[in-house]
Amino acid sequence: MYTLYDNTSYLLEPSRQFARILRSSLRNSPMAMDFAAGRFTEGIADMFLRSTKYVTKPEFNIDTVKVNGEDVPVYQTTILKKDFCNLIKFKKATDKQEPKVLIISPISGHFATLQRDTVKRMLQKCEVYITDWKSMRDVPLSAGSFDLDTYLSYLIDFLHTIGPNTHVMAVCQPAVQIMALASIMDEDNDPCMPATIIPMGGPIDPRVKKTQVNILAETYPLSWFEKNFLTTVPEGHIGAGRRVYPGFIQITAFINMNPDAHYRKHIQFLEDKILNNQAGIQKHAEFYDEYLSVLDMDDVYYLQTVEKVFQTYELPRGIMKYKGRTIDLKKIKHCALLTIEGEKDDISAPGQSFAAHALCENLPADMHDHHLQPGVGHYGVFSGSKWRAFVAPKIEEFIAKFDKEIGTYYRKKRVLN
């Protein structure tokens with residue numbers, strides 16, 4: 001299957017080259033671009049190139065961030081390198097001490113750059129770190145396999161690297177992992193345990209309100225997923241011979257969940273080309289350049305996620321394990337919890353993240369909070385205008401309350417004591 005994908009991509013290269021030449025010649029011809037037909041043809045060539053390009057990892061390209069209306073330089077550094085993931089730090093050019101936020105990006109198809117808007121917005125008031133997961137086709141077999149235990153061990157290592165009093169956000173699938181992480185580190189009284197945990201649109205308990213994703217996982221046995229979706233990385237890649245759930249299958253599944261919406265977006269793109277609506281053209285290009293860039297998942301991790309998260313619901317049932325230890329969310333007593341959900345989320349439906357509050361029954365009542373954002377779907381929880389205007393300020397307020405150095409919650413505790 002992967003070899004067929006590679007060969008098809010290679011065979012399409014002459015067509016892509018023709019489309020590049022056509023697009024370039026039209027863009028460089030003022031006469032052609034003055035007419036709707038010329039812009040329409042250029043749009044067709046552009047759409048073909050974007051839809052058929054061979055996937056490469058995008059860059060974050062965050063050089064500045066607006067703070068109080070001014071552009072402030074941002075520096076990106078890789079502070080820890082591991083076989084399957086790098087830990088990246090973003091810091092503004094300022095000496096001001098700001099809360100530390102670790103964003104756990106999902107391993108569910110897209111690269112961490114899908115959270116570019118998340119990083120940029122949080123950078124306004126925080127020092128930001130993010131997990132930059134690698135595509136498994138770029139990881140040699142000698143690194144071994146990647147599983148949920150490895151995932152959690154990485155997160156613990158990352159928090160030890162960043163240090164105490166770190167706030168942890170998880171977008172989508174790793175909401176499960178940060179709940180497990182908080183339980184393990186709180187039970188161990190680890191000084192680097194998260195100050196706050198913020199799961200956003202994640203499947204903490206998918207039984208609450210099932211979506212198409214949950215129904216698919218329940219409909220077929222694990223062997224069906226293994227037979228139909230796993231393949232081997234072919235020669236020519238660093239990870240040749242590794243069994244993976246390839247990104248090109250995941251993006252096909254994403255699109256098939258909402259084909260009408262994608263069809264309408266492409267029709268709108270061509271209409272914007274005809275009308276020369278530059279804002280609409282740029283928005284479409286930016287979205288699909290990122291949306292169509294996907295990574296490959298390790299087969300072990302993929303099958304564990306399908307089984308443990310979506311079939312047997314191990315975390316909410318209290319039977320999930322980490323290196324033989326049972327993960328009990330009742331052990332969370334010191335990590336303040338804020339859940340974020342989107343009203344129209346059709347991947348992790350409202351209620352799936354909120355379920356975390358009942359599971360953390362020994363966390364003090366005043367350390368719980370929840371935000372349901374009206375009018376947004378899955379991606380609107382962490383990206384877009386409503387994320388920037390409503391969701392991010394809620395998170396900033398929560399962090400400011402529970403930060404152990406500047407937080408009002410701990411100042412009040414000290415006064416009371």
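Worth a mention:
- Some residue of region 216-232 being under 22 Å from the mean Cα position of the chain (by Cα) and free of Cβ contacts under 8 Å to residues at least 60 places away in the same chain: yes
- Val176 being in contact with a strand residue (DSSP E or B) (Cβ under 7 Å, 6 or more places away or on another chain), buried (at least 17 other Cβ atoms within 10 Å of the Cβ) and touching a residue at least 12 places away in the same chain (Cβ under 8 Å): no
- Taken over region 29-52, the residue count meeting the criterion of being outside any helix (DSSP H, G or I) and at pLDDT below 90 is 2.
- Residue satisfying all of: in region 17-54; surrounded by 13 or more Cβ atoms within 10 Å (Cβ to Cβ) and of a type in the set (Asp, Glu); farthest from Tyr263 (Cα to Cα) among these: Glu42
- Pairs with Cβ under 8 Å, 6+ apart, first in region 309-334 and farther than 18 Å from Tyr151 by Cβ and β-branched (Val, Ile, Thr), second modelled with pLDDT of 95 or more and in a helix (DSSP H, G or I): Ile332/Met179; Ile332/Ala182; Ile332/Ser183; Ile332/Asp186
- Test: residue in region 382-395 that is under 28 Å from Glu314 (Cβ atoms), without any contact (Cβ under 8 Å) to a residue 24 or more places away in the chain and surrounded by 14 or more Cβ atoms within 10 Å (Cβ to Cβ): no
- Among the residues of region 176-197, the one identified as over 21 Å from Lys321 (Cα atoms) and β-branched (Val, Ile, Thr) is Thr196.
- Flag if Asp132 is among the acidic types (Asp, Glu) and in contact (Cβ under 8 Å) with a residue 60 or more places away in the chain: no
- Conditions (1) in a loop (DSSP other than H, G, I, E, B); (2) modelled with pLDDT of 95 or more; number of the one not met by Asp95: (2)
- Residues of region 46-73 satisfying the condition of being touching a Ser or Thr at 6+ places or on another chain (Cβ under 9 Å) and closer than 18 Å to Leu114 by Cα: Lys53, Tyr54, Val55, Thr56, Lys57, Pro58, Glu59, Phe60, Asn61
- The set of residues in region 120-132 that are of a type outside the set (S, T, N, Q) and farther than 19 Å from Tyr154 by Cβ comprises Lys120, Arg121, Met122, Leu123, Lys125, Cys126, Glu127.
- Number of residues in region 281-311 that are within 18 Å of the chain's Cα centre (by Cα), over 24 Å from Tyr322 (Cβ atoms), in a helix (DSSP H, G or I) and of a type outside the set (Asp, Glu): the value is 3.
- Any hit, region 295-306, residues being of a type in the set (Asp, Glu) and without any contact (Cβ under 8 Å) to a residue 60 or more places away in the chain: no
- The number of residues in region 215-267 that are surrounded by 13 or more Cβ atoms within 10 Å (Cβ to Cβ) and either among the hydroxyl-bearing types (Ser, Thr, Tyr) or under 30 Å from Ala45 (Cβ atoms) (or both) comes to 20.
- Among all positions in region 373-380, there is at least one residue which is closer than 13 Å to Glu343 by Cβ, exposed (fewer than 15 other Cβ atoms within 10 Å of the Cβ) and without any contact (Cβ under 8 Å) to a residue 40 or more places away in the chain.
- Lys273 being assigned to a helix (DSSP H, G or I), surrounded by 20 or more Cβ atoms within 10 Å (Cβ to Cβ) and more than 21 Å from the chain's Cα centre (by Cα): yes
- Test: residue in region 69-92 that is in contact (Cβ under 8 Å) with a residue 24 or more places away in the chain and under 13 Å from the mean Cα position of the chain (by Cα): no
The values are calculated or read from the model by the stated rules, or taken from the named source; none is laboratory data. The structure presented is a predicted model; accordingly, all values stated were derived computationally and were not measured. Glycine gets a Cβ as well: all are built from the backbone with ideal geometry, and neighbour counts include every protein chain shown.
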